[in-house]
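Below: the structure, in structure tokens.
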Amino acid sequence: PESISVQDLANRMSERGADVIRTLMKMGQLVTINHTLDADTAELVVSEMGHTPKRVAEGDIEVGLGADQDAPEALQSRPPVVTIMGHVDHGKTSLLDALRATDVAAHEAGGITQHIGAYQVNLPSGQKITFLDTPGHEAFTAMRARGAKVTDIVVLVVAADDGIMPQTIEAIAHAKAAHVPMIVAINKIDKPGADASRVRQALLQHEVQVEEFGGDVQSVEVSALKKTNLDKLEEAILLQAELLDLKANPERAAEGTIVEAKLDPGRGSVATVLVQRGTLHTGDVFVAGAVWGRVRRLVDDRNNSVEVAGPAFPVEVLGLNGTPEAGDEFHVVDTESRAREIAEYRARRDRQAQLAKAAGGRGTLEEMLA
Ligand code: GTP
Ligand code: MG
């Protein structure tokens, strides 16, 4: 019969053995690194850890390829994914709106009416930047707590007339904890009391060293209101993206993260997803958490139906049998039966965890180990 050791499975996924053991614990199995798993269990572990399982031959289980395991020649540059954070009223929403208006198509009839929690800006140079319109630090933290890593770059907005405030400090801590590079947008420079150099100076106390002080954090003085230096901010983002050398293989089954999801009275379950690897097509079979479905329609940030969505492309997915949670990973699998199997397994596991919690009051195994 087909089997694989925990260690081998970890190696093939480029995951740590301890994380595989932890995943197995969540599934109710206590094993050691040398334990041998049957193929069905191995497949579930692989799916659980966000990879796509694939049995290629008797006695051999090949797991799905994360971006790092794609052949180097299959990788292509992809747009950066940016989250804007900062203290209340420092201009996050204004800046997102102003940046959206820099899109080359922004002045076409009707302009751009964004309706999903993420959008892509097409720059005159042909380059693109994806912005996540997260409602704030909570969403960022919640996604991260679920293991989702969607943001490549954080733009920290600091109002030049107000300076470093509690949520500025919080945002710095989040970006650092997530190892996401930061760019400082010193906003409201049009205001009489604006003092950009004071902001740069104050950042030093929070271990953010901007280039002007010999560090490697870029800072750009902007005004979201007057639309000043938005191109400079975009240049800074693209420069940072270049340093990160962001790449993905577009030629594979899609994987990514749920950015938000809701039950729409007219359209059923609607999930906004960010494709991180591969290309999502209408008709694909899709699993996210304990939810699955065949993609009936893809809708972009301009409310246009699209046939495909590649890496760093945010898109709405219609056709799911339920509403996944923000931060859930999704992936495309070969068949509906496979999707149903994975989703049902997870639903069963979630139910069991809830029952265990309700019955024992001692928490789930996972919580006891946390
Ligand atoms: P929350 O979502 O409440 O945390 O606020 P926010 O960070 O999204 O700030 P928002 O964009 O709502 O802006 C707050 C206020 O600052 C609004 O009255 C904006 O008009 C104003 N504002 C934003 N950017 C600028 C700017 O560049 N210059 C000036 N003068 N005012 C600005
Ligand atoms: Mg806002």
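The values are calculated or read from the model by the stated rules, or taken from the named source; none is laboratory data. Small disclaimer: the values here were computed from a predicted structure and weren't measured. For neighbour counting, all protein chains shown are included, and Cβ atoms are generated from backbone atoms with ideal geometry for every residue, glycine included. Ligands, DNA and RNA are stripped out before the accessible areas are found, and what is left, the full protein with its side chains, is counted by its heavy atoms. Shrake-Rupley method; radii C 1.70, N 1.55, O 1.52, S 1.80 Å.
Only one entry of GLY256, GLY215 meets the criterion of being outside any strand (DSSP E or B) and more than 16 Å from ligand 2 (Cβ to nearest atom), and that entry is GLY215.
Screening the candidates ALA109, ALA105 for the property of being away from ligand 1 (no atom under 16 Å from the Cβ), open to solvent by less than 50 Å² (accessible area, probe 1.4 Å) and either modelled with pLDDT under 85 or within 28 Å of THR335 (Cα to Cα) (or both) yields one hit, ALA105.
Of the residues making up the range 152-183, those that are in a loop (DSSP other than H, G, I, E, B), modelled with pLDDT of 90 or more and more than 16 Å from VAL210 (Cα to Cα) are ASP152, ASP161, ASP162, MET165.
Listed here are the residues, each with its yes/no results for (1) of a type in the set (D, E, K, R); (2) at pLDDT 95 or above.
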position: ARG198; (1), (2): yes, yes
position: GLN209; (1), (2): no, yes
position: GLN218; (1), (2): no, yes
position: SER223; (1), (2): no, yes
position: ALA236; (1), (2): no, yes
position: LEU239; (1), (2): no, yes
position: ASN249; (1), (2): no, no
position: GLY256; (1), (2): no, no
position: VAL259; (1), (2): no, no
